[in-house]
Number of protein chains: 2
Amino acid sequence: MTEDEIPETHVLAIASHVTSGYVGNTMATFCMQTLGCQVSAIHTVNYSNHVGYRRFKGRKTAPEEIADLYAGLKEAHLDGFDMMVSGYCPSAAVVEQVGKIGRELRTRASTKPGSFFWVLDPVMGDNGRIYVAEDTVPVYKSLLKDADLILPNQFEAELLSEVKIHDLATMKQAITKLHKEHRTPHVLITSIRLPPTSSNTPTAADEDLSTSAKLSIIGSTATSDMQPRLFRITVPVLPIFFSGTGDMFASLMVSRLRQAATKAGVSHTAHWQSPDDIAGSDLPLAKAAEKVLASMHAVLVDTEKHYNEYMGSFERRRKSVQLNEGTGAEASEEQETLKHLQLTRAAEVRVVRNARALREPPDTGEFKAMEVAIEGGDE
Amino acid sequence: MTEDEIPETHVLAIASHVTSGYVGNTMATFCMQTLGCQVSAIHTVNYSNHVGYRRFKGRKTAPEEIADLYAGLKEAHLDGFDMMVSGYCPSAAVVEQVGKIGRELRTRASTKPGSFFWVLDPVMGDNGRIYVAEDTVPVYKSLLKDADLILPNQFEAELLSEVKIHDLATMKQAITKLHKEHRTPHVLITSIRLPPTSSNTPTAADEDLSTSAKLSIIGSTATSDMQPRLFRITVPVLPIFFSGTGDMFASLMVSRLRQAATKAGVSHTAHWQSPDDIAGSDLPLAKAAEKVLASMHAVLVDTEKHYNEYMGSFERRRKSVQLNEGTGAEASEEQETLKHLQLTRAAEVRVVRNARALREPPDTGEFKAMEVAIEGGDE
């Protein structure tokens, strides 16, 4: 698999920008460009680094500035986008502005089915906690009918669908609602904790989603009557918190889905929706996700290796300093801050040094999409 | 040649950002990342597209914002840069701010020779015309003593050295002055029009620099007593105006010079200055430039091919429209604007689709650095 096999694709990417490190557009732009896509990036914030460092500087982009940049593209006839991917927005007003752009591109493409595809990552929160302004939630809901693919995590899927997800049946219920009521053709829920499956068809609809060391993603492309077609891919969880993996996933999905939809011959049909006889695990969405997760796992394993090496040398340096200087409480607090900063930096995803793993996802067969058959879960 | 052979390098890149197309940091970031460098980008403007389209929107970055982002990096301990590359600045105040950052990084690295290297592209004008505010010129002059490598074009070299360049002797005079008076260890003058050389040692010191279809770059790394060591590489001129090639050259030089200096064993010596017995054409600067120009030529030839294909189809469409609609003067003016916009877009450097040519510069032997021996030209 080489970069040349991905069709030339012009992508509008709207997300955050950081000077140092790899999150938001700083992550997404490199990932998509490495897969041969032309990326036009509009930044929703311009920060020195991601907020996980707990220290950062910079500014948020006003919604008017985003409107202005987009107007500039239109006036210069540079708005012929094949795809759009939108991520973190610092306010509900920015989400609304992004929605305006997405709707405009969608409307303009309406005479040419499949000529525009919007991947929406509704960044609102995680693990039961909203970390954006509350008024952002209804705005994201209002965008769902115009997006082609949404990539919520489990918590965001709950916010959007208003279905509490605690097992596979409620998961299916949430996805069904997103397809049927919100008219979103493709849904992919990331970061679900599910027990590993030994068969293709997990039967325990009430299995506990919260205790496993494996992570699942569950996706679905709606059939013509907006019924879900589910597939599931299980990936091992690495014991480190990496920032930017959501942006990495979204951007790689843009490139790989374009490739898979073209290969499957559906890229000129409305919303790239596969014919009804295609099973969940055979969907272009599933094929794309398999490649993306294989790439990501390879990059994250290398990042983890470097992180552990760095952590080891950090601890050795710290012990040597303690021996020399004693351990006052003040020094210790400063050291903890320093440790947090340095380990956060060490956890920056090593995407640039692993570009080959993006271009050529290792074909280990580890990340296979499987059918998900569930009793119940229909509305 | 693979990306893995370039040492891990953390680069601070300060230049313009455009949403669509490839100039400034939008070009430089991709080029350096593709060669495996970690790039921290601070944007001096955020425009929709480059100004060559004659229509663009967006905003300039205030010098305070640049200072703020840099302060954020320092506070989060993310300012351990191996190299810095600085390009277009929208005002003298921004040039001053960039200078402050460069000087600070330089001072901090002073106990560790070679641990910081600043590539300065003094973007002021071209072909006898200044296109920045006039008060920018003296500020750039004041930065020369802290930069390691400067990349002026012929006109900018004249502005900085105050030597009018009209032949090889005056070229050498300008470079000597930049080395001796301004203390810049490496100088590389781009875009010089010189007749092609058939021998390694052009003897006509007064040859006319302005009429040839070949382009030369002339570089020099100063000896220990700040005497020039010149080399010259000649490249064919393509008949299209490409934007962003200066940023492409500067950023690829960052990565390739780091590689060449490491290979030559000078990356831990002050300013990466080679021992006095190394000839001009054997300098790491020359070796790096050979690779960079080979990469660039391959990318630009592919861009030219696509440009010509597009231009052909544009002319065919236009003729068919004229046949159908007649040619009113008003329609014609609108068509000219449209043609300008579309051809400017078609001339966007196809860097993303040619990433392999960046990683693996074609080794055709076409871009060989040659000695330049000139009678006279010393001060």
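The values are calculated or read from the model by the stated rules, or taken from the named source; none is laboratory data. What you see is a predicted model, and the numbers here were worked out from it, not measured in a lab. Ideal geometry is used to build each Cβ from the backbone, glycine not excepted, and the neighbour counts take in all protein chains shown. Protein only, heavy atoms only, side chains kept; ligands, DNA and RNA dropped before computing areas. Shrake-Rupley method; radii C 1.70, N 1.55, O 1.52, S 1.80 Å.
Residues are listed down the side, and each one gets a yes or a no for (1) touching a strand residue (DSSP E or B) at 6+ places or on another chain (Cβ under 8 Å); (2) in contact (Cβ under 8 Å) with a residue 12 or more places away in the chain; (3) under 20 Å from B:SER40 (Cβ atoms):
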residue	(1), (2), (3)
A:PRO7	no, yes, no
A:HIS17	yes, yes, yes
A:CYS31	no, yes, yes
A:ILE42	yes, yes, yes
A:SER48	yes, yes, yes
A:ARG55	no, yes, yes
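Which fully enclosed strands (runs of 3 or more DSSP E) of region A:33-140 have 1 or more residues being open to solvent by 20 Å² or more (accessible area, probe 1.4 Å)?
A:38-47, A:58-60
Which residues, taken from region B:165-186, are without any contact (Cβ under 8 Å) to a residue 40 or more places away in the chain and in contact with a helix residue (DSSP H, G or I) (Cβ under 6 Å, 6 or more places away or on another chain)?
Once the filter is applied, which keeps residues that are without any contact (Cβ under 8 Å) to a residue 40 or more places away in the chain and in contact with a helix residue (DSSP H, G or I) (Cβ under 6 Å, 6 or more places away or on another chain), region B:165-186 yields B:ALA174, B:LEU178.
Just wondering, is there one or more residues in region B:125-146 that are touching a Gly at 6+ places or on another chain (Cβ under 6 Å) and in contact (Cβ under 8 Å) with a residue 60 or more places away in the chain?
No, because not a single residue in region B:125-146 is touching a Gly at 6+ places or on another chain (Cβ under 6 Å) and in contact (Cβ under 8 Å) with a residue 60 or more places away in the chain.
Being touching a helix residue (DSSP H, G or I) at 6+ places or on another chain (Cβ under 6 Å), β-branched (Val, Ile, Thr) and closer than 15 Å to A:GLN38 by Cα is the filter here, so list the residues in region B:24-50 that pass it.
B:THR34, the sole residue that qualifies.
For the condition at pLDDT below 95, among the hydroxyl-bearing types (Ser, Thr, Tyr) and open to solvent by less than 40 Å² (accessible area, probe 1.4 Å), what is the one hit in A:SER220, A:SER212?
Of A:SER220, A:SER212, the one residue that is at pLDDT below 95, among the hydroxyl-bearing types (Ser, Thr, Tyr) and open to solvent by less than 40 Å² (accessible area, probe 1.4 Å) is A:SER212.
Does any residue of region B:338-345 turn out to be loosely packed, with under 14 Cβ neighbours inside 10 Å, within 14 Å of another protein chain (Cβ to nearest Cβ) and modelled with pLDDT of 90 or more?
Yes, because at least one residue in region B:338-345 is loosely packed, with under 14 Cβ neighbours inside 10 Å, within 14 Å of another protein chain (Cβ to nearest Cβ) and modelled with pLDDT of 90 or more.
B:SER20: of a type in the set (S, T, N, Q), facing chain A (nearest Cβ under 8 Å), surrounded by 20 or more Cβ atoms within 10 Å (Cβ to Cβ) and touching a Phe, Trp or Tyr at 6+ places or on another chain (Cβ under 7 Å), yes or no?
The answer is no for B:SER20.
When you check A:GLN227 against the structure, is it modelled with pLDDT of 90 or more and in a helix (DSSP H, G or I), yes or no?
When the stated conditions are applied, A:GLN227 does not pass them.
Condition check ((1) away from chain A (no Cβ under 14 Å); (2) touching a Gly at 6+ places or on another chain (Cβ under 7 Å); (3) at pLDDT 95 or above) across all residues:
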residue: B:ASP282; (1), (2), (3): yes, no, yes
residue: B:ALA288; (1), (2), (3): yes, no, yes
residue: B:ALA294; (1), (2), (3): yes, no, yes
residue: B:PHE314; (1), (2), (3): no, no, no
residue: B:ARG356; (1), (2), (3): no, no, yes
residue: B:GLU360; (1), (2), (3): no, no, yes
residue: B:ALA373; (1), (2), (3): yes, no, no
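Pairs please, first residue from region A:224-240 and buried (at least 17 other Cβ atoms within 10 Å of the Cβ), second anywhere and small (Gly, Ala, Ser) and in a strand (DSSP E or B), Cβ atoms under 6 Å, 6+ apart in sequence or on different chains.
A:PRO228/A:SER220; A:ARG229/A:SER220; A:LEU230/A:SER220; A:PHE231/A:GLY219; A:ARG232/A:SER216; A:THR234/A:SER216
Can you say whether B:ALA260 is within 16 Å of B:THR34 (Cβ to Cβ), of a type in the set (A, V, I, L, M, F, W, C) and in contact with a helix residue (DSSP H, G or I) (Cβ under 6 Å, 6 or more places away or on another chain), as far as the supplied structure shows?
So B:ALA260 does not fit the description; no.
Working only within region A:259-279, note down all residues that are closer than 19 Å to A:ALA357 by Cβ and touching an Asp or Glu at 6+ places or on another chain (Cβ under 8 Å).
Within region A:259-279, just A:GLN259 meets the criteria.
What are the pairs with Cβ atoms under 6 angstrom where one residue, in region A:343-366, is among the hydroxyl-bearing types (Ser, Thr, Tyr) and the other, located anywhere, is open to solvent by 20 Å² or more (accessible area, probe 1.4 Å)? Sequence gap at least six, or different chains.
A:THR344/A:GLY52
Return yes when B:LEU12 is at the interface with another protein chain (Cβ under 7 Å from one of its Cβ atoms), buried (at least 20 other Cβ atoms within 10 Å of the Cβ) and touching a residue at least 12 places away in the same chain (Cβ under 8 Å) and no when it is not. Can you show your working first?
Values: at the interface with another protein chain (Cβ under 7 Å from one of its Cβ atoms): no; buried (at least 20 other Cβ atoms within 10 Å of the Cβ): yes; touching a residue at least 12 places away in the same chain (Cβ under 8 Å): yes.
For B:LEU12, the condition - at the interface with another protein chain (Cβ under 7 Å from one of its Cβ atoms), buried (at least 20 other Cβ atoms within 10 Å of the Cβ) and touching a residue at least 12 places away in the same chain (Cβ under 8 Å) - is not met.
Can you tell me how many residues within region A:110-146 are over 18 Å from A:VAL11 (Cα atoms) and of a type in the set (D, E, K, R)?
Going through region A:110-146 one residue at a time, the tally reaches 6.
Do any residues in region A:72-101 that are within 14 Å of chain B (Cβ to nearest Cβ) have Cβ atoms under 6 Å from those of residues that are among the acidic types (Asp, Glu) and not in a helix (DSSP H, G or I), where the two are at least six apart or on different chains, and which pairs are they?
A:LEU73/A:ASP79
So which pairs qualify, if the first residue must be in region A:276-300 and within 22 Å of A:VAL237 (Cα to Cα) and of a type in the set (D, E, K, R), the second must be open to solvent by 10 Å² or more (accessible area, probe 1.4 Å) and in a helix (DSSP H, G or I), the Cβ gap must be under 7 Å, and the two must be at least 6 apart or on different chains?
Filtered contacts from region A:276-300: A:LYS287/A:ALA260.
Given the options B:VAL139, B:VAL123, B:VAL51, name the one that is within 14 Å of another protein chain (Cβ to nearest Cβ) and over 18 Å from A:SER20 (Cβ atoms).
Checking each option against the conditions leaves just B:VAL51.
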